[in-house]
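The values are calculated or read from the model by the stated rules, or taken from the named source; none is laboratory data. Bear in mind that the values here come from a model prediction, so they are computed numbers and not experimental data. Heads up, the Cβs are rebuilt from the backbone with ideal geometry, glycines too, and the neighbour counts pull from every protein chain shown. For accessibility, only protein heavy atoms count, side chains too; no ligands or nucleic acids. Shrake-Rupley method; radii C 1.70, N 1.55, O 1.52, S 1.80 Å.
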Amino acid sequence: HAKRMMSLDNAFDANDVAEFVGRVRRFLNLPADVEVALTAEDKIDGLSLSLRYEDGVLKQAATRGDGTVGEDVTANVAYISDIPQHLNGDVPAIFEIRGEVYMAKADFAALNAEQETKGGKIFANPRNAAAGSLRQKDAKVTASRPLRFLAHGWGEVNALPADTQAGVLAAIAAWGVPVSPLLVRVDGALGALEHYTAIEHQRADLPYDIDGVVYKVDRLDWQDRLGFVAKAPRWAIAHKFPAERAETT
């Protein structure tokens, strides 16, 4: 569903999101007067990364790879200031934070300018630059690259600090790991679409590249009941932006 080409017609977009909320409502057999709260956040165009913390200490960092086996980049992330080696506060014994490594647009432009001066590789876009920088065999190269990180979820945990998506992300932020400043909790399809429009208007001015908005059912007990179909969660959907258009000289 997330791969479907999104129409430029706002009515189609609205129907698409309303269909998602409707499916959730039908699956959970919710009464008409019960609102479906969602989280809505910008979908950053970066490189997926999992951070495994044990007793608040970072033990392993790995890329998603093929979804089953990824690359161990623990030594490399030691040089990413957004990723703490120790979490603050009362953290569960095992907590795997998932998010995206990215390069800000201004940092990407500066890196390419430097590479051009040195006769080095010119990167096609910030995502490629971030991926190439994180996956260096020599961590000193990673250290010289301006990489950032935003958390958007979690994997293996032995306990959760809250019973909602928004609550867990707030806890992750309190522990010292950045989450998107555009993450909000909204009510139903209308609230989701309003935030989509707000993010789309800010898109060009954001310091990093995004390609849409992700909605997730906020209540974790509802997420558990909804489960997955194939490998995709029934409780989340990506609302992609139309392709950017611009005039050039």
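Remark: for residue pairs Lys59/Lys216; Lys43/Lys137; Lys43/Lys240; Lys43/Lys121, the C-alpha separation exceeds 19 Å in Lys59/Lys216; Lys43/Lys137; Lys43/Lys121.
Size of the range 82-182: Rg and Dmax of its alpha carbons, in Å, are 16.3, 52.
Quick one: among Val184, Val57, Val229, which has the greatest mean-square fluctuation in a GNM of the chain with alpha-carbon springs under 10 angstrom? Sorting by GNM fluctuation, first place goes to Val229. For the set Tyr215, Tyr79, the ranking by accessible area, highest first and with no ligand, DNA or RNA atoms included, is Tyr79, Tyr215 under a 1.4 Å probe. When DSSP beta bridges are restricted to pairs lying wholly in the range 62-187, around 90% turn out antiparallel.
Could you give log10 I(q)/I(0) at q = 0.07, 0.08, 0.16 Å⁻¹ for the chain, computed by the Debye formula over C-alpha point scatterers of equal weight, without solvent? Each listed q corresponds, in turn, to -0.26, -0.34, -1.27.
Taking the chain as a Gaussian network of alpha-carbon nodes connected by springs under 10 Å, the highest mean-square fluctuation of the residues Ala106, Ala236, Ala130 belongs to Ala106. Of all lysines in the structure, those lying under 18 Å Cα to Cα from Lys118, and not within fewer than 8 positions of it along the same chain, are Lys140. Comparing Pro233, Pro146, Pro84 in a Gaussian network model of the chain where C-alpha atoms under 10 Å apart are linked, the largest mean-square fluctuation is found at Pro233. Any chance you could give the angle, 0 to 90 degrees and rounded to 10, that helix 165-174 forms with the longest Cα principal axis of the chain? Value to nearest ten degrees: 30.
If the chain linking Asp33 and Ala75 were pulled fully straight, counting 0.36 nm for each residue of separation and taking away their Cα-Cα distance, it would gain 10.0 nm.
Specify the inter-centroid distance of the range 12-90 and the range 177-203, based on alpha-carbon positions, in whole Å. Between the Cα centres of the range 12-90 and the range 177-203 lies a distance of 15 Å. Taking 0.36 nm per residue of separation and subtracting the current Cα-Cα distance, fully stretching the chain between Ala113 and Lys231 would add 38.5 nm.
Here the range 112-129 is scanned for amide nitrogen atoms under 15 Å from the site 7 Å beyond the Cα of Ser144 along Cα-to-Cβ, giving 112-123. Helix 105-118 and the longest principal axis of the C-alpha atoms of the chain enclose an angle of approximately 20°. Within the same chain, aspartates and glutamates fewer than 8 places from Lys231 are excluded, and of the rest, those with a Cα less than 17 Å from its Cα are Asp66, Glu156.
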